[in-house]
Amino acid sequence: MSLMAFDWIAKHAEAQPDAPAIHDLLSDRRYTYAELNDRVDRAALFLYERCGVSQGDRIALLMHNCSDMVELIFAAWRIGAICVPMNWRLAVPEIAYIIGDCQPKALFHTSEFTENAAAAVKQYGQHVMLVEAADGQKCHYEGGLRASYGNLPEVEHGFEDPWVILYTSGTTGRPKGAQITYAMQLFNAVNCMVANRITPKSHGLCVLPLFHVGGLCVYLSPLLHAGGMNTIMDQFDAKVMLNLITDREVGMTHALGVPTNFLFMSQLPEFKDANFDHLECVGVGGAAPSNALLETYARKGVLFEHAWGMTETSSIGTSIPKHMALEKIGSCGLPVLHVECKIADEDGNTLPPGEVGELLIRGPTVTNGYWKLPEATAQAFLPGGWFKTGDAARVDEDGYYYIVDRWKDMYISGGENVYPLEVEDALYRLNGVAECAVIGVPDERWGEVGRAFIVAEASAGLTEARVIAHCQEQLARYKAPKSVRFLDELPHNATGKVTKHLLPRD
Ligand code: ADP
């Protein structure tokens, strides 16, 4: 029996046409399932007829969170195309790299990204149709929707067809496109539904970026699978988020954020009197929340459903049951319904409870590979289909997982991953940098921020400001180091590799 893929929005439009599906907060647009389905249909036709997008093609998105992004993702799927939502924080050379890698037929962007989109396409050097979206009635996209009606081509959807490609940086220094298939998405929806009690009556807040699994797959796509409602915030704003999740009339039931989001909200004066009692599920993940943060919210009655996940696992891989949040504080919980985890040594042998090893995961939510990178895909797995997460973790006697360290050379700044190799690569493009190394150092606001150590050529006259400005031109701002230290030499081990743990962190 071959499994078939169904269109969730179309199904709910038949079963509950008047049920609210989406509220786009910035534009205050609200769509029921029937309305959303109509817009997805028109968007699919627009893609097919006007943009020349057909099955297997890619489209790329460059915009802050908005309902148009959700429509385009589902519209692409409707005609068998693949959506690539890109990180809007990226600098032009980074966007150009991704466009070159996934070769989209069209790039949809909002007006604040017009320049970046055009410059990136120019750098890529091939024709990509540019479409302006999300700016109300006059924009190209809305005009396209109005003009598009008729029948869509018949498309056979395979269970294993890619649904989206999400780029994650990595140990290679260059972003890799993690494929998220329809099947992964379906099992992820089931995992979240069970772990986080998502029903057609649920109302979730989407505040994390839709180009990350945190925004797209927790809890937005599971809510659309269940026929529930999503409120979409364009970007994080602590005050707006706190108001939304505490206002009983808004009726929010589910909210997810990275630790920084919750830290910022807890620092607002309004936090003291905030009441979270009506919320069914408050999730935190993407980076390790401190126990102090978990306790601050516990005192307000919020038992965080602390989850661990990765792009490559379509979002949550483990999640702590709410009733265990305090008893197992610091744990990111148990493997969710349709995955299996273990702690292993370097050869993949299972380690006993209490011992620290690499967290491995397998199951139908784990990626089937990186876009056009068979070697990187093969390297990411151990025999038996175990995906190597690069996270150091332990499991206790009751099966609860704890992330204790990161073995991959990566740090997390405000919920965004930064791979030092990528930053070092940018630094080496600056004249006068003889050798460099980048590490993450603790930061009260962002969790971690980058620090660059540079051995400079004597004549170069490099300064901290010059180095940071160079990085900001080449890279997304969150990747640019916040401080620079000039050294006469970097510490090395016997094979000549920089021993990063010997670099000063204070
Ligand atoms: P996400 O959108 O979940 O951040 P990424 O692929 O960008 O996905 O990053 C995944 C990495 O983030 C994990 O491998 C891990 O290092 C870190 N991470 C995610 N959740 C947690 C958590 N709860 N505690 C500690 N680290 C986490």
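Points worth noting:
- Selection within segment 450-498: residues that are without any contact (Cβ under 8 Å) to a residue 40 or more places away in the chain, surrounded by 12 or more Cβ atoms within 10 Å (Cβ to Cβ) and β-branched (Val, Ile, Thr). The member of this set that is nearest to Pro93 (Cα to Cα) is Ile468.
- Among residues of segment 207-230 that are on the phi > 0 side of the Ramachandran plot, those with a beta-carbon under 6 Å from a residue that is in a helix (DSSP H, G or I) and surrounded by 23 or more Cβ atoms within 10 Å (Cβ to Cβ) at least six positions away or on a different chain give the pairs Gly227/His12.
- The set of residues in segment 248-277 that are over 21 Å from Leu224 (Cα atoms), surrounded by 13 or more Cβ atoms within 10 Å (Cβ to Cβ) and of a type outside the set (A, V, I, L, M, F, W, C) comprises Pro259, Thr260, Asn261, Ser266.
- In summary, no strands (runs of 3 or more DSSP E) completely within segment 27-106 bear 1 or more residues that are over 24 Å from the mean Cα position of the chain (by Cα), closer than 25 Å to Phe159 by Cβ and of a type in the set (Ser, Thr, Tyr).
- The residue that is nearest to Pro162 (Cα to Cα), counting only those in segment 69-90 that are buried (at least 24 other Cβ atoms within 10 Å of the Cβ) and among the small types (Gly, Ala, Ser), is Ala81.
- Residue count for segment 385-402, restricted to those that are crowded, with 20+ Cβ neighbours inside 10 Å, in contact with a Phe, Trp or Tyr (Cβ under 8 Å, 6 or more places away or on another chain) and within 21 Å of Ser169 (Cα to Cα): 2
- Where a residue in segment 309-337 is closer than 16 Å to Leu360 by Cβ and assigned to a loop (DSSP other than H, G, I, E, B) and its partner, wherever it lies, is more than 13 Å from the ligand (Cβ to nearest atom) and among the small types (Gly, Ala, Ser), with Cβ under 8 Å and at least six apart: Val336/Ala195
- Some residue of segment 479-496 being of a type in the set (Gly, Ala, Ser), closer than 30 Å to Ala307 by Cβ, within 16 Å of the ligand (Cβ to nearest atom) and out of contact with any Gly (no Cβ under 6 Å at 6 or more places or on another chain): no
- Count of segment 307-322 residues which are more than 7 Å from the ligand (Cβ to nearest atom), among the small types (Gly, Ala, Ser) and under 17 Å from Val395 (Cα atoms): 2
- Test: residue in segment 136-151 that is out of contact with any Ser or Thr (no Cβ under 7 Å at 6 or more places or on another chain), of a type in the set (Gly, Ala, Ser) and under 17 Å from Arg58 (Cα atoms): no
- So Gly461, is it under 24 Å from Val213 (Cβ atoms) and not basic (Lys, Arg): no
- Scanning segment 257-284 for residues being part of a helix (DSSP H, G or I), within 16 Å of the ligand (Cβ to nearest atom) and not polar (S, T, N, Q) gives a total of 3.
- Any hit, segment 205-227, residues being buried (at least 20 other Cβ atoms within 10 Å of the Cβ), over 14 Å from the mean Cα position of the chain (by Cα), under 25 Å from Pro335 (Cβ atoms) and within 16 Å of the ligand (Cβ to nearest atom): yes
- Conditions (1) within 12 Å of the ligand (Cβ to nearest atom); (2) assigned to a strand (DSSP E or B): number failed by Arg394: (1)
- Which listed residue, of Thr389, Thr377, is in contact with a Leu (Cβ under 9 Å, 6 or more places away or on another chain) and either of a type in the set (Ser, Thr, Tyr) or part of a helix (DSSP H, G or I) (or both): Thr389
- Unmet criterion (only one of (1) at pLDDT 95 or above; (2) within 13 Å of the ligand (Cβ to nearest atom); (3) not in a strand (DSSP E or B)) for Ala287: (1)
- Of the residues making up segment 149-187, just one is among the polar types (S, T, N, Q), buried (at least 20 other Cβ atoms within 10 Å of the Cβ) and modelled with pLDDT under 95, namely Ser169.
- The set of residues in segment 301-333 being surrounded by 24 or more Cβ atoms within 10 Å (Cβ to Cβ) and acidic (Asp, Glu) consists of Glu305, Glu312.
- Within segment 376-398, tally of residues that are modelled with pLDDT under 95 and of a type in the set (Asp, Glu): 1
- Flag if Pro200 is over 23 Å from Val418 (Cβ atoms) and assigned to a helix (DSSP H, G or I): no
- From the list Lys328, Lys239, the one residue that fits, being at pLDDT 95 or above, among the charged types (D, E, K, R) and within 15 Å of the ligand (Cβ to nearest atom), is Lys328.
The values are calculated or read from the model by the stated rules, or taken from the named source; none is laboratory data. All values derive from a computational prediction rather than experimental measurement. Cβ sites come from the backbone with ideal geometry, for glycine too, and all protein chains shown count toward neighbours.
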